[in-house]
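What follows is one structure encoded as structure tokens, with my remarks underneath.
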Amino acid sequence: MMTFSFKLANRKNLLLLTGVVMMFVGASCAPKYEPTPAPDRLLPELTTGIATFKGNAVENFYLNYVSLGNVPIEEYGIVYAFLPDTTAVDLVIGGSYPTAKFKNAPKTGANTETFNIALPSGMHALSYRAYAKVVGGEVRYASNRMNKTY
């Protein structure tokens with residue numbers, strides 16, 4: 001037994017062996033990292049409100065935020081179309097239909113903006129719905145759309 005200890009003490013790798021043992025003990029005693037999960041991504045929920053007319057123009061659009069969610073909203077408003085009748089169209093932003101963008105910061109509850117959009121001749125219906133575009137480019141549309149004849 002003595003010879004084994006003597007040979008071990010005289011080895012060049014004793015320092016290396018000691019270092020490895022100390023690193024193993026240090027790593028096993030270190031506090032464990034437990035990451036906290038990211039919060040759920042909650043997108044805004046909104047509904048389309050009424051549009052008010054004044055003379056030959058759409059004066060105001062209204063929309064209602066049920067919840068603003070936790071993802072920042074970079075743009076929101078109304079996508080609309082003037083049509084010859086109340087046929088259903090797929091109202092989406094970035095397509096052929098214009099948008100009325102709200103300027104004020106969104107808030108839970110009713111939001112309104114004045115636009116004064118002239119009614120085109122030959123058209124007799126307005127179809128519109130609210131939208132919210134969040135950071136990252138995802139667009140949320142209101143669960144309802146509105147159709148008005150004039």
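Every number here is computed from the coordinates shown, using simple stated rules; none is lab data. None of these values were measured; they are calculated from a predicted model. No Cβ is skipped: glycine too gets one built from the backbone with ideal geometry, and neighbour counts run over all protein chains shown.
Table for the structure above
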{"quantity": "Ranked S143, S96, criterion: other C-beta atoms within 10 Å, fewest first", "calculated": "S96, S143"}
{"quantity": "Gyration tensor (alpha-carbon) shape descriptor, region 45-149, a/c threshold 1.5", "calculated": "prolate"}
{"quantity": "Burial order of peptide ranges 74-86, 46-58 (average beta-carbon count within 10 Å, highest first)", "calculated": "74-86, 46-58"}
{"quantity": "Under 5 Å, built H, 5+ apart or other chain: amide partners of F102", "calculated": "Y76, G77, I78"}
